[in-house]
Amino acid sequence: GSRVRLCVVKMGPVEVQFSLLHMSVYSQSFSPCGRFLAAGNNYGEISVFSLSAALSPDASEASQKPILTFTAHDGPVFSLLSTDSHLLSAGNGEISAWSWVELIKRVGVEHLKIDVSLRTSLEIPEINTMVLSLKDNSLFVGGGDNNIHMMDLETGVFKSTLQGHSDYIHCLAVREREGELLSGAEDGAVRIWDSRTGRSVHCVEIYKYEECSRPQFGKWIGCLATDSDWMLCGGGPSLSLWHLRSLSPTSVFPILGCQRQAAFYQDLILSVGEGGSLNHCLLSGEVKAQIPCTPPCLNTLALNGTEQRVLTLGGSSDQIDVFTNLSYRAFSLSF
């Protein structure tokens, strides 16, 4: 593939402080081995942290700093995703692939050369979200052109476009077993697609359900998650749990702020968004706990299922909170 030379730009102390003050972390992804975390921010930078160093008993303050930071895109890095070998990052209309082996090896190297094996320019003003479908080795990409693009990961070729939303796409989720893709957008709809045919099978306008509707916050859908028969969604409308067979809301969670990411975790639902807390909810609709976090507003929640069992949260701060136990923050990584 083509080689890209990345240079480290030195900033003065005042510039550094200003940039840290206004930093927002939009995306995170764990390495395939689970020992490293990549985080993308509003300046187009990706930082790689060593979780194994930060979590070790003799960790110092330096262990909580990145082992590597580089500029990956011109605009914010809204989405990061790991395959079994690469870190995929989405910028303004482009997707880049960075080899995890290279990222981990190049610790402290001033001039980074990273092999970009997949660099594609889509005419998409902004790529907000990417998900992998392991079943057919495809990457689904959604963003500012209101469409979902499906790429074959083997060839790097975009093979189909899923059209149906009337405004830009914020989030995607895959129902692997059913061969379905879920998408949530600014138009207030959650669409369910047959990923084989590219047809929209169902369209649910969440804001039209009285128990979910919050017109004061708008109708946009900012987060989506699925667990076979169940779906979580929220944004302008309240975070709610839906049964996918009956396509009806079974629980609506009384969380005030707009939620930006949600996940199923064991018998809990975890969510983050405005309000700066990690919300623990029960499937019944009860909010069990709200754990305060460092960023006043949260954009991203990542769960690491490997032997380094951690939860990491990022948002409107240069700090990423790390939880080794769901009930309290262990420490923070910092840019």
Of (1) surrounded by fewer than 22 Cβ atoms within 10 Å (Cβ to Cβ); (2) out of contact with any Phe, Trp or Tyr (no Cβ under 9 Å at 6 or more places or on another chain), residue 165 fails just (1)
If we ask which residues in region 81-97 are assigned to a loop (DSSP other than H, G, I, E, B) and open to solvent by 10 Å² or more (accessible area, probe 1.4 Å), their number turns out to be 4
Every listed condition ((1) in contact with a helix residue (DSSP H, G or I) (Cβ under 9 Å, 6 or more places away or on another chain); (2) part of a strand (DSSP E or B)) holds for residue 311 save (1)
Filtering region 137-183 down to residues that are within 25 Å of residue 247 (Cβ to Cβ) and not in a strand (DSSP E or B) yields 146, 147, 163, 164, 165, 166, 167, 168, 176, 177, 178, 179
Of the candidates 326, 232, 298, 333, the one satisfying the condition of being open to solvent by 10 Å² or more (accessible area, probe 1.4 Å) and among the aliphatic types (A, V, I, L, M) is 326
Residue hits (region 31-55; out of contact with any Leu (no Cβ under 9 Å at 6 or more places or on another chain) and assigned to a strand (DSSP E or B)) are 41, 45
Given (1) in contact with a Phe, Trp or Tyr (Cβ under 9 Å, 6 or more places away or on another chain); (2) within 22 Å of residue 287 (Cβ to Cβ); (3) open to solvent by 10 Å² or more (accessible area, probe 1.4 Å); (4) assigned to a loop (DSSP other than H, G, I, E, B), residue 210 misses just (1)
If we keep only residues of region 122-136 that are open to solvent by 50 Å² or more (accessible area, probe 1.4 Å) and over 23 Å from residue 244 (Cβ atoms), then the residue modelled with the lowest pLDDT is 123
Taking region 213-229 and the residues there that are of a type in the set (D, E, K, R) and surrounded by fewer than 18 Cβ atoms within 10 Å (Cβ to Cβ), the one that is farthest from residue 161 (Cα to Cα) would be 214
Among residues of region 301-317 being over 14 Å from the mean Cα position of the chain (by Cα) and within 19 Å of residue 25 (Cα to Cα), the residue surrounded by the most Cβ atoms within 10 Å (Cβ to Cβ) is 317
By residue number, the members of region 286-295 that are open to solvent by 10 Å² or more (accessible area, probe 1.4 Å) and either outside any strand (DSSP E or B) or among the charged types (D, E, K, R) (or both) are 286, 288, 293, 294
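The values are calculated or read from the model by the stated rules, or taken from the named source; none is laboratory data. Please read these numbers as outputs of a predicted model, since none were measured by experiment. So basically every Cβ, Gly included, is an ideal-geometry build from the backbone, and we count neighbours across all protein chains shown. What goes into the accessible areas is simple: the full protein's heavy atoms, side chains included, and nothing from ligands, DNA or RNA. Shrake-Rupley method; radii C 1.70, N 1.55, O 1.52, S 1.80 Å.
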